[in-house]
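To start, the structure under review is shown below, and the notes come after it.
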Amino acid sequence: MRVAVVALVAALVLMPVPAQAQAREHAQPRADGFAGLNALGVDGTTGGAAGPTVTVDNQADLERYATAAEPYVIKVKGSIAMQPYGKEIEVASDKSIVGAGAGAEIVQGGFFLNGVHNVVIRNLTIRDSYVPGDWDGKTKDFDGVQMDGAHHVWIDHNHFTRTGDGLLDIRKDSDYITVSWNVFSDHNKAFGVGWTANVVTKVTMHHNWIRGTHQRNASIDNTEAAHWYNNYVQDTAMYGTMIRGSGRLVVENSYYRSVPDPIVAKDPASQVVQRGNVFDGTWGRTDDTGAAFDPSSYYAYTLDPADRVPAIVSRGAGPAGGVRPAPRRITVALDGTGDFASVQAAVGAARPGAVITVQPGVYREMVRVWKGLKDVTIRGATGRAEDVVITYELPANGAKFYGGTWGTDSATVGVFGSGITVEGLTLQNAYDESAAPGPAPAVYTGAGRSTFRNVRLLGNEGTFQADGRAHLRDCYVEGDVDIVRGAGTAVLDRCVIRSLAPGSVTAGGRVLITGSRLEGDAAKPVSLGRGDGQSVVRDSWLGAHVKDDPWEGAGLFAEYRNTGPGAAVNADRPQLTDEQAAEHTPERYLGRR
């Protein structure tokens, strides 16, 4: 009997372990993709496998072994907070830096691979070196992992989030790189490759999950061969996967969900071959140009079906133990006293029902409340909208650096989730249209239901763009042309609407303005509405800037019981009857009969 038990145990020990589990448990000895090839004097990336294994739980020991000349497998135990803030440890060649089980993380810093080779970084969370207020990453270059001129590097099963610039930057002719099974989340710049005019880099990127990011998803420049397969790109704000310069890219069996411009070949010499991909709720470019290269001429690989990628990647990517859920009550503060230093980071971490409290300050960033998020509240801490400002300055007709214009993607705040409440803060598009007049939306709302209370909305043309159902209560809205527009429903209830220039208050969609005050300069006359939508203005005070004939276009327009110097009843101003007015209430417009 004992022999049988021993044989059974031996059989279980020798039973093949799924590749995902092997990688996450650090058992897989050698990289796949380009990092697994024999080149430049390295027979595949194995990291510090030739040396001893050490366990570290503090920065001093981590630095000691990571910078040593000898090979080491360095197991990171628990959380290590780097000092000074943003510190990047310069890793020497022949090192494996791996998390020892769940909860292994590098906080407030990262790693720099400068001209080294044969490095593995695995099973770590690398997070929170974000510089408050530096959304564009121009103040400090605190990347999660940065490599310059490195080769044979394997970045595997990590989670990168909220760093000081890029989450991962592969730079300056780094070569033979594999990036696999990582999560890149809740940040502006996700993942970049390039920073050189040479066409050298060979990089494999597979089974990564990029979500809740804005740009570089990934941005790939002047690569000899970039192989992107079975990746899941979800909820990005500006663009998806981009090939630049004279780079060559192959995109296979990847899944793009709610991504603008999913695949872009930026320059005339850029080549991308894309096949077998799924585009779910995307819009814009899906380029396919040039011959690129044949990945199978370099190495063998197996593709998962593209329609299964979201399930496979969301289940298997990232470090062991996954990501701890954020609390139901989240605080954002610029001084480091909150849970997060950016509003976008808090929104990305929030779960349904969360309340995000934003402390006073000016938050220069673009915020997206992603499609799957429900019943979340974002509120200013003091209740005074002037105390908390979220601002950015991107115009809708501004040129994208890869062609076209930004359109509604330029909004400072985009709300795509459902049941979202925003209260007690200022949302601003600070674009200076003296350079070039045009739309500068402060807020765009998608197909869900959203509520704005005691919010100041500041922009130019199209300050508030509603494609869903939005209720603005006790708000201040300021702009010039088409202040409220879109294809959805917007109710402005007890609001102040200030026109800064001649134009129109509403355009398109279905808009109800009730119990509100419309202000402006009498020398800058405005229409109440234009186009082919439906607009009703009722029980409101109208300033002298409102035209005597305030409706333009073929829409359904009406007024009811308005007062003030801009109010009038004449042939150009259709009025609702009392019976009709009962159908034009916030409850009826918002589906709450």
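Tabulated results
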{"quantity": "Area accessible to solvent at Ser527, 1.4 Å probe radius, in Å²", "calculated": "0 Å²"}
{"quantity": "Value of D in µm² per second that Stokes-Einstein yields for segment 454-593, Kirkwood Rh from Cα pairs, at 10 °C (1.306 mPa s)", "calculated": "111 µm²/s"}
{"quantity": "Estimated 222 nm signal from helices in the chain, with DSSP H stretches of n ≥ 4 weighted -39500 (n - 2.57), rounded to 500", "calculated": "-2000 deg cm²/dmol"}
{"quantity": "Percent of beta bridges antiparallel (DSSP, segment 298-446, rounded to nearest 5)", "calculated": "5 percent"}
{"quantity": "Loop chymotrypsin sites (Phe, Trp or Tyr not before Pro), segment 200-234 (other Cβ atoms within 10 Å of the site Cβ: 13 or fewer; DSSP)", "calculated": "none"}
{"quantity": "D (Stokes-Einstein, µm²/s), Kirkwood Cα radius, the chain, 0.692 mPa s at 37 °C", "calculated": "128 µm²/s"}
{"quantity": "Normalised contact order of the chain, rounded percent, pairs of Cα under 8 Å and 6 or more residues apart", "calculated": "6 percent"}
{"quantity": "Extension reserve of the Thr289-Ala522 stretch, reckoned as 0.36 nm per residue once the Cα distance is removed", "calculated": "78.4 nm"}
{"quantity": "Approximate spin-label separation Asp549-Asp307, in nm, with each point projected 7 Å along Cα-to-Cβ", "calculated": "5.7 nm"}
{"quantity": "Point-to-point label distance, Ala49-Lys140, nm (Cα→Cβ direction, 7 Å offset)", "calculated": "3.7 nm"}
{"quantity": "Spin-label model distance (nm) - Val107 vs Ala300, 7 Å beyond Cα toward Cβ", "calculated": "4.5 nm"}
{"quantity": "Extension gain (nm, one decimal) between Asp539 and Val355, 0.36 nm per residue minus Cα-Cα", "calculated": "62.9 nm"}
{"quantity": "Modelled FRET efficiency - R0 56 Å, Asp572 with Gln59, Cβ distances, 0.05 increments", "calculated": "0.15"}
{"quantity": "Pairwise FRET efficiency - Leu334 versus Ala81, Cβ, R0 = 25 Å, nearest 0.05", "calculated": "0.80"}
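The values are calculated or read from the model by the stated rules, or taken from the named source; none is laboratory data. Being a predicted model, the structure only gives us computed values, none of them experimental. Positions of Cβ are backbone-derived with ideal geometry, glycine not excepted, and every protein chain shown enters the neighbour counts. Side chains are part of the model used for accessible areas, which takes the heavy atoms of the whole protein and leaves out ligands, DNA and RNA. Shrake-Rupley method; radii C 1.70, N 1.55, O 1.52, S 1.80 Å.
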